[in-house]
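The values are calculated or read from the model by the stated rules, or taken from the named source; none is laboratory data. Computed from a predicted structure; not experimentally measured. For neighbour counting, all protein chains shown are included, and Cβ atoms are generated from backbone atoms with ideal geometry for every residue, glycine included.
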């Protein structure tokens, strides 16, 4: 049985914290990253429908096809709304290529939120959730969907902890950009 929360957090929790500058960033199609030292919120706005967004976020076995540092991804176990996924992440750091394998537990809630936590990997911990929410109409002339991720992660790297945070922040932004691109690519290829 999963220890992940089945609670869907109210959208007001996120929207109340967004400033006018944050909304301007989102309307300019930029990724909004907030937080530091292992506690982050990352968000993007896109004109796709919720079904398309959800299909991308839950396409666990194909993450390697559209996420920039994921070399392999596979579903290990599925039980109702709970899915265990294993990913091999590969990235260049300084002059070498570093590869790591992580296994996460993902709990899908009401086609709106995916709570996740690290089961195995080279981090001390990682947990959080993905969400999709409609943006309030007064922030854009066209309907927009907000795709967000809240994540907490830590790795024991001693004196290199600052480098971990920097790499993790960069990865969050690149991943969100790739997810939005995949959502919009799929939306364009849908028949009318």
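Here are a few things to note about the model shown:
- When 90, 111, 103 are checked against the criterion of being more than 14 Å from residue 179 (Cβ to Cβ) and either out of contact with any strand residue (DSSP E or B) (no Cβ under 7 Å at 6 or more places or on another chain) or not in a strand (DSSP E or B) (or both), 111 stands alone in meeting it.
- When segment 26-53 is limited to residues that are part of a helix (DSSP H, G or I) and crowded, with 18+ Cβ neighbours inside 10 Å, the one that is modelled with the lowest pLDDT turns out to be 26.
- Complete set of residues in segment 54-77 that are out of contact with any helix residue (DSSP H, G or I) (no Cβ under 9 Å at 6 or more places or on another chain) and in a strand (DSSP E or B): 76, 77
- Identity of the residue in segment 166-192, out of contact with any helix residue (DSSP H, G or I) (no Cβ under 9 Å at 6 or more places or on another chain) and assigned to a loop (DSSP other than H, G, I, E, B), that ends up modelled with the lowest pLDDT: 192
- Within this structure, residue 102 fails the test of being modelled with pLDDT of 95 or more and closer than 24 Å to residue 43 by Cβ.
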